[in-house]
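Notes for the one structure printed next.
The numbers here are math on the coordinates, done by the rules we state, and not lab data. What you see is a predicted model; the values in this text were computed from it and never measured. Because the Cβ atoms are built from the backbone with ideal geometry, glycine has one as well, and the counts that use them run over all protein chains shown.
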Amino acid sequence: MAYVDPTPAEIKARWPVFAAVPDPVVQAAIDEAKRQVDESWFEGDYTNAVSLYAAHVLTLDGQGTGAGAVIAGQGLQGVSRIKSGVLDVSFADGAGGGGASGSDPLDWSPYGQRFKMLRKQNKGGPRTTGGGAVPLSGYAKDWPWPYRGGW
């Protein structure tokens, strides 16, 4: 298996809401997504991650039509209902309060949320383990001598 970039046709086939978007616009989103995903990711996740991030970028740019076009891309995350007549907007439980749920732009579209899960699997951050004593700093002068904690 190799690191394979998705094509505009593959993204349009996977998510038909982007079918009417011109290929150069989709390719630009793919190029932007490739700046977020590199070959340090698992090979099996690479193409999917680039596709998801590209779809997220397209959504935030207001591209796409139909049910898959996400209102959250317009900055209205958590909206559960909009009525036009004398404006009536309802927010889902816990939304609309300016809390942390809407602070990450990846949360503004379902594509970004799925990308975020993949990113966590591939770039989860440092791992810690329990164990003996740990030096106070990276300087040897701060280590207990003789060091008895054992590594």
GluC sites (Glu not before Pro) lying in DSSP loop within region 5-46, provided at most 11 other Cβ fall within 10 Å: Glu39
For region 45-62, Karplus couplings with θ = phi - 60° (6.51, -1.76, 1.60), whole Hz, Gly/Pro x: 9, 4, 4, 5, 5, 5, 4, 5, 5, 4, 5, 5, 4, 4, 5, 5, 7, x
